[in-house]
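Trainee: Got a structure for you, written out below as structure tokens; questions coming shortly.
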Amino acid sequence: MKRDPVLRHEQMRRYIQHRNRVLDMKSVIGKDLRNRSRSEPPKRRRKTEDEEETQRRIDLENERLMAQLTTIARRRAATPNPKKTY
């Protein structure tokens, strides 16, 4: 059984392309950030001062909310519960 020379040529061409891709592979460990995909969001680098400021703001907001909740809890109901009529 004789092989088709066109098919053989195509297989050899694919093999050579594959081999060249494998041999030309480079390490991605030291890859520059400029080569990063544009669809990927940038990685944020937060400083400890920013985190402390954020935590301080959260604490202030929590204190404000707690004061409002205690004020609401101490209020009397403005109107008594309406009687249910069926």
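Trainee: Taking the conditions exactly as written (modelled with pLDDT of 65 or more and either among the basic types (Lys, Arg) or not in a helix (DSSP H, G or I) (or both)), does residue 83 satisfy them or not?
Mentor: Criteria met by residue 83.
Trainee: Got at least one residue in the range 28-50 being in a helix (DSSP H, G or I) and either at pLDDT 90 or above or surrounded by 10 or more Cβ atoms within 10 Å (Cβ to Cβ) (or both)? Explain how you work it out, then say what you get.
Mentor: First pass over the range 28-50, keeping only residues in a helix (DSSP H, G or I): 33-35, 48-50.
Right, trim to either at pLDDT 90 or above or surrounded by 10 or more Cβ atoms within 10 Å (Cβ to Cβ) (or both) and you get 50.
Yes, some residue in the range 28-50 is in a helix (DSSP H, G or I) and either at pLDDT 90 or above or surrounded by 10 or more Cβ atoms within 10 Å (Cβ to Cβ) (or both).
The values are calculated or read from the model by the stated rules, or taken from the named source; none is laboratory data. Predicted model only: the values in this text are computed from it and were never measured. Note that we place each Cβ from the backbone using ideal geometry, even for glycine, and neighbour counts take in every protein chain shown.
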